[in-house]
Amino acid sequence: MAGARRLALCCAAAASIGVTAPALATLNTAAREAARDILFDRAKGNCLACHHLPTLVGAEQPGNSGPPLIAMQARFPDKRVLRAKIWDATASTPDSFMPPFGRHQILTEDEIDLVVEFIYGL
Ligand code: HEC
């Protein structure tokens, strides 16, 4: 299945550069909770509807229509590129059906910053 194949590739990429544990050290507990709420909340990010988050406890029933969110630092060395993707995925992938969270003001700029910091540790 395509999702599983993508996941396997991502894990292989993570292992090859020595990424073993999520690095969420930059966010305190309250900020991590807030970010997690945005990712899980259907009225907010709803990221789980489309993305597998393999390293996140509690994300057991994720969608797989988008790539798994894992090894983000390795795949997005420039954090601004990651932020731009979440702000408007269609800018880099014109036929993307990922909601343009910034352009359509689904999330505030601060919420996007928080989500970026959080998933950068996945
Ligand atoms: C309706 C489905 C959907 C939702 C909801 C969604 N995404 Fe996506 N996302 C996708 C699809 C499809 C892609 C692949 C196409 C693309 O790159 O735009 C993608 C790509 C991405 C990428 C690039 C991943 C890579 O490996 O290139 C990131 C990062 C991302 N999404 C983060 C998020 C975050 C964070 C949220 C929640 C705030 C979210 N997505 C919500 C469908 C979704």
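Read-outs throughout are calculated quantities, based only on the coordinates presented, and are distinct from any laboratory measurement. Small disclaimer: the values here were computed from a predicted structure and weren't measured. Cβ atoms come from the backbone with ideal geometry, glycine included; neighbour counts cover every protein chain shown.
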Handout entry: 106, 112 arranged by Cβ crowding within 10 Å, fewest neighbours leading
Key = 106, 112
Exercise for the section: Quick one: check the C-alpha center-to-center distance for region 87-106 versus region 29-67, whole angstrom. Expected result: 17 Å
Fill in the blank from the handout: Rounded to 0.05, the calculated FRET efficiency for the beta carbons of residue 34 and residue 96 at R₀ = 22 Å is 0.30
Fill in the blank from the handout: So the pair-distance distribution of region 32-122, from every Cα-Cα distance in 10 Å bins, comes to percents of 17, 56, 26, 0
